[in-house]
Amino acid sequence: MIARVRTGEPEAYAELVRAHTGIALRAAAALGAGADAEDVVQQAFVKAYCALGRFKDGSSFRPWLLSIVANETRNTVRTAARQRTLAGREAAYAEAEPLIPESADPAVATLETERRAALTAALEKLSEEHRLVVTYRYLLEMDESETAQALGWPRGTVKSRLNRALRKLGRLLPDFRPREGGDERG
């Protein structure tokens, strides 16, 4: 697909944009872009297009794009002189991808909302590097090598920081248990 873009085929890049917009929006929202998530993603796609000459053949596009989204999000958050609230981030993330189906049992939906709020609050207490590694690995469902590529870290660094972050989360959320069925992203 990248080769087609490099040869000047505009529809090829449009296909890449369509294929990766959802994950890019989730990443921007999860990393704090809030209401600016769409603008961040649009700017990230423009920057990615302009930087395609530096894209390494054989590499995965998704982690490369998400590293650009993360940088754009960081720049946007820093530039916006106001501090985003936890509630604003949660609302933006919830808008990016519905987490609880409308047909869900209200009691289950309430419990899921409470679990999510507790997890988000705990994530906010982590350092930026720990929050990033947990977000990429579990919220964005990237494997270790994709996470390493997106963050520009060696794979061993991803493993060690993820391990430390999960231990810290365990201390912050002592009563937090994975969902039934062993879903570790819970």
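The values are calculated or read from the model by the stated rules, or taken from the named source; none is laboratory data. What you see is a predicted model, and the numbers here were worked out from it, not measured in a lab. All Cβ positions, glycine included, derive from the backbone under ideal geometry; neighbour counts span all protein chains shown. Protein only, heavy atoms only, side chains kept; ligands, DNA and RNA dropped before computing areas. Shrake-Rupley method; radii C 1.70, N 1.55, O 1.52, S 1.80 Å.
Taking the criterion of being modelled with pLDDT of 80 or more, open to solvent by 60 Å² or more (accessible area, probe 1.4 Å) and touching a Phe, Trp or Tyr at 6+ places or on another chain (Cβ under 9 Å), the only residue of the range 84-135 that qualifies is 129. Residue pairs whose Cβ atoms lie under 6 Å apart, sitting 6 or more positions apart in sequence or on different chains, and linking a residue in the range 55-70 that is within 20 Å of residue 29 (Cα to Cα) and touching a residue at least 60 places away in the same chain (Cβ under 8 Å) to a partner that is open to solvent by 50 Å² or more (accessible area, probe 1.4 Å) and part of a helix (DSSP H, G or I), are 63/149.
Restricting the range 24-52 to residues that are in contact with a helix residue (DSSP H, G or I) (Cβ under 8 Å, 6 or more places away or on another chain) and farther than 18 Å from residue 76 by Cα, which is surrounded by the most Cβ atoms within 10 Å (Cβ to Cβ)?
Checking each candidate, the answer is 52.
Of the candidates 155, 171, 161, 167, the single residue that is charged (D, E, K, R), modelled with pLDDT of 90 or more and open to solvent by less than 80 Å² (accessible area, probe 1.4 Å) is 161. Screening residue 79 against (1) modelled with pLDDT of 85 or more; (2) surrounded by fewer than 16 Cβ atoms within 10 Å (Cβ to Cβ); (3) of a type in the set (Ser, Thr, Tyr) leaves a single unmet condition, (1).
Of the helices (runs of 4 or more DSSP H) lying entirely inside the range 1-74, none contains at least 3 residues that are more than 23 Å from residue 135 (Cβ to Cβ), more than 18 Å from the chain's Cα centre (by Cα) and modelled with pLDDT of 95 or more. Pairing each residue of the range 105-128 that is in contact (Cβ under 8 Å) with a residue 40 or more places away in the chain with any residue that is open to solvent by less than 80 Å² (accessible area, probe 1.4 Å) and of a type in the set (Ser, Thr, Tyr), provided the two are 6+ apart or on different chains, yields C-beta distances under 8 Å for 123/135.
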